[in-house]
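Here is the structure we will look at.
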Amino acid sequence: MNKINPFLIGIIAVIIIGLGWGISTYNSFVSKNEGITTAWAQVESQYQRRLDLIPNLVNSVKGVMAQEKEIFEAIAVARTQYGGATTPSEKALAAGNMESALSRLLVIMENYPVLRSIEAVTSLMTELAGTENRIAVERMRYNEVVRDYNVMVKTVPSKLIANWFGFAPATPFEAAEGAQNAPQVSF
């Protein structure tokens with residue numbers, strides 16, 4: 001009967017354990033790298049949400065504010081006409097214009113106890129804040145995934161597998177120059 005050399009068994013065991021560790025580490029790098037891609041896609045998704053949502057909200061607010069502005073301008077014009085009217089027919093025409101503008105204002109106020117422009121502006125501001133918060137959360141998640149990956153790439157013994165298979169550190173999100181300035185929204 002041949003005796004199995006314990007030294008040979010030890011070497012084979014070390015090789016098998018080393019291969020298992022190497023495969024597991026490689027798979028972890030692949031998984032974390034995909035996590036970075038997914039996290040960045042979420043950041044881009046929130047950017048796209050901002051690009052889609054904000055201009056539409058701004059235009060909606062402009063539309064509501066323009067409608068109310070027209071009514072207030074009509075009231076001001078009617079007041080001026082009435083103040084400058086000298087004949088009864090001119091005064092009647094100005095009073096009719098005033099009544100028409102006031103009735104449109106009353107309809108708005110009956111349907112919307114608070115002027116819609118104030119509600120629309122509040123809604124716009126809420127959506128702006130919410131969108132920026134979503135972007136900040138996704139950037140934070142992205143940076144956390146990048147940090148975990150980079151720790152694995154830079155620490156021993158996984159650094160050996162990273163170097164062997166070409167896994168390089170990823171770049172975390174960094175604010176662009178001037179990002180400390182709030183974006184401007186104008187009407």
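We did not get these values from a lab; they are worked out from the coordinates using the rules stated. A quick note: this is a predicted structure, and the numbers were derived from the prediction, not measured. FYI the Cβ positions are ideal-geometry reconstructions off the backbone, even for glycines, and counts take in every protein chain you see.
The order of K69, K91, going from fewest to most other C-beta atoms within 10 Å of their C-beta, is K69, K91.
As a rough footprinting exposure proxy, the listed residues D148, D52 were ranked by other beta carbons within 10 Å of their own, and the order from fewest upward is D52, D148. Net length available on complete extension from K154 to T126 is 5.9 nm, with 0.36 nm assigned per residue and the Cα-Cα distance removed. From least to most packed, judged by other beta carbons within 10 angstrom and beginning with the fewest, K3, K159, K154, K32 follow the order K3, K154, K159, K32.
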